[in-house]
1. Given Thr11, Thr31, Thr2, which one is of a type in the set (Val, Ile, Thr), at pLDDT 95 or above and within 17 Å of the chain's Cα centre (by Cα)?
2. Under 12 Å from the mean Cα position of the chain (by Cα), assigned by TED's automatic domain parsing to the domain that holds Val144 and either under 28 Å from Val129 (Cβ atoms) or not aliphatic (A, V, I, L, M) (or both): which single residue out of Val25, Val110 fits that description?
3. What's the number of the only condition in (1) in contact (Cβ under 8 Å) with a residue 24 or more places away in the chain; (2) out of contact with any strand residue (DSSP E or B) (no Cβ under 6 Å at 6 or more places or on another chain); (3) of a type in the set (A, V, I, L, M, F, W, C); (4) surrounded by fewer than 16 Cβ atoms within 10 Å (Cβ to Cβ) that Val136 fails to meet?
4. Could you look through region 87-107, keep only residues that are in a strand (DSSP E or B) and without any contact (Cβ under 8 Å) to a residue 24 or more places away in the chain, and pick out the one that is nearest to Val26 (Cα to Cα)?
5. Evaluate region 42-52: report whether one residue or more is in contact with a Gly (Cβ under 7 Å, 6 or more places away or on another chain) and part of a strand (DSSP E or B).
6. Under 7 Å between Cβ atoms, at least 6 apart or on separate chains: pull out the pairs that start in region 15-26 with a residue that is on the phi > 0 side of the Ramachandran plot and end on any residue that is of a type in the set (A, V, I, L, M) and in a strand (DSSP E or B).
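The values are calculated or read from the model by the stated rules, or taken from the named source; none is laboratory data. In this text the structure is predicted, and so the values were computed from the model without any measurement. Neighbour counts are summed over all protein chains in view; Cβ atoms, including those assigned to glycine, are modelled from backbone coordinates with ideal geometry.
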Amino acid sequence: MTLRFEQSRRTPVYSRDSADEIGHVVRFVITPGVHRVGAVHVAGRRRRAQLVDWSSIVGFGPDAVVVDSADSLRAAESDHEQRVAAGHLDLPGRRVLTDAGYEVGELADVDFDESSGVLELIRTTRTTVGGDGLLVIGPYAVVVRHDAVRPGDRPTEV
């Protein structure tokens, strides 16, 4: 099943071993080179914001996310993860450019496979881009492969 990042925000996160709610989904840490979600940023009532690796997610659905245990939560480790957790790399509204120098709108949402975390589609305000076309998420823009822009869509030169 395909879900979207925006519809998944604020989804409660539960621990399988205790059945306790440990927080809710805030953001997604994307691994561009493999075109998938690497971790989910989780914020809780009593805990500060932390990450859970995709490999620790037992189930991801529209109503709940289940992780192995509350011990699956960890602090952001890399500079990239820290910037995501701090909100410095939020995707909605970020400019989307192709590697050929064309602008394809602002990022509106991302479709992903709930079982694997694989990016399926990047939705911009003007077009769609195959999820495997993601190259870089930077502080200024998201860069995608020009050939991943869906046929029939017309990017504009920057």
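1. Working: Thr31 fails: at pLDDT 95 or above; Thr2 fails: at pLDDT 95 or above.
Exactly one residue qualifies, and that residue is Thr11.
2. Details: Val25 fails: assigned by TED's automatic domain parsing to the domain that holds Val144.
Just a single option satisfies the conditions, and that option is Val110.
3. Val136 satisfies every listed condition except (2).
4. Here is the first cut: in region 87-107, the ones in a strand (DSSP E or B) are 95-98, 102-107.
Still in the running and without any contact (Cβ under 8 Å) to a residue 24 or more places away in the chain: 105-106.
Working: Gly105: 24, Glu106: 20 Å.
Here the residue is Glu106.
5. Narrowing region 42-52 to residues in contact with a Gly (Cβ under 7 Å, 6 or more places away or on another chain): 42-44, 47.
Cutting the leftovers down to part of a strand (DSSP E or B) gives us 42-43.
Yes, that holds for at least one residue.
6. Gly23/Val13; Gly23/Val42; Gly23/Ala43
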